[in-house]
Amino acid sequence: MKPVIAIDGPAGSGKGTIAKKLASHFNFAHLDTGMLYRVIAYLDVEADKIKELSAAKILETAREIPLSALKSDAVSLKASKIAKSPEIREIMTQLQRDFAASPGDMCDGSVLDGRDIGTVVIPDAVCKIFITASPEIRAARRFRALKRDNSQITYDEVLESLIARDKQDQSRGIAPLTLNDSYVVLDTSEETVKESFLQAIKIVKNSLKFTER
Ligand code: C5P
């Protein structure tokens, strides 16, 4: 299997941005697994129907939905709610493993970002990074993004909803957001995207070198 980089962390930590940049830097395929949960939540797809889909097919469908709708606070909370279902998680986990197993001939590996990539989906990923930041900073980032989409939401509402989602993601019975010793932690609270990205490159290079020995 081609190498997999697992990026996990809470909402608004910057994991999606870093994952995307790492994928492009290392010529790896990128899968934003949160987007899969968002599409399923937005379209209310039942478990039976998800089984017939692939990650690529779900992302293709996502392109037909306005990004502002998929990223809205209501869909974020709904995604977190359906993500508690053991049946849905089992199917989604398989879709993500299939993606990692076949990232395409042109790609040298894959980067998956989410909540449980390094703990459940691909526990033997060559590199695992846990990206985090303080709740206030994460809420400020989300607030700016939602404002760009003309949302009427206030900063306090974003913070409250982000804390509620963190709690839901960290306390669920199956595949909660958690980290262990196999992760390198990257706190992006006080860093620019460029600084965090440069650190992430170092972490990945280190892991890849380590596995080649
Ligand atoms: O990463 P993002 O904020 O887009 O994820 C939306 C929601 O999908 C999360 O709050 C989480 O509940 C769920 N999710 C998950 N496992 C993943 C990715 C996302 O449970 N691997």
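A short reminder: the numbers here are calculations on the coordinates, not readings from a lab. Remember, predicted model here, so these are calculated numbers, not experimental data. Don't worry about glycine lacking a Cβ; one is built from the backbone with ideal geometry, like all the others, and counts go over all protein chains shown.
Between the amide H of residue 186 and those of 130, 131, 132, distances stay under 5 Å, these residues lying 5 or more places away or on another chain, with hydrogens modeled in the peptide plane.
Sequentially through the stretch 135-142, phi angles give Karplus couplings (6.51, -1.76, 1.60; θ = phi - 60°) of x, 5, 5, 5, 5, 5, 5, 5 Hz, Gly and Pro residues having no value and appearing as x. The value of relative contact order for the chain, using C-alpha pairs under 8 Å at least six residues apart, is 34 percent. Working from Cα pairs under 8 Å separated by at least six residues, relative contact order for the stretch 28-80 is 56 percent. Couplings for the stretch 159-170, taken from phi via the Karplus curve 6.51 cos²θ - 1.76 cosθ + 1.60 with θ = phi - 60°, read 4, 4, 5, 5, 5, 5, 5, 3, 4, 4, 6, 8 Hz in order; Gly and Pro are left as x. Dimensions of the chain based on its C-alpha atoms, expressed as ranges along the principal axes with the largest first, amount to 52, 43, 32 Å.
Packing around the peptides 37-48, 175-186, 119-130, 56-67, taken as the average count of other Cβ atoms within 10 Å per residue, puts them in this order, highest first: 119-130, 37-48, 175-186, 56-67.
Computed from the Cβ-Cβ distance with R0 of 35 Å, the FRET efficiency linking residue 148 to residue 107 stands at 0.70.
With a Förster radius of 30 Å applied to the beta-carbon distance between residue 61 and residue 190, the computed FRET efficiency rounds to 0.20. Under a 5 Å amide H cut-off, with hydrogens placed 1.01 Å from N, residue 5 pairs with 110, 111, 112 among residues at least 5 apart or on other chains.
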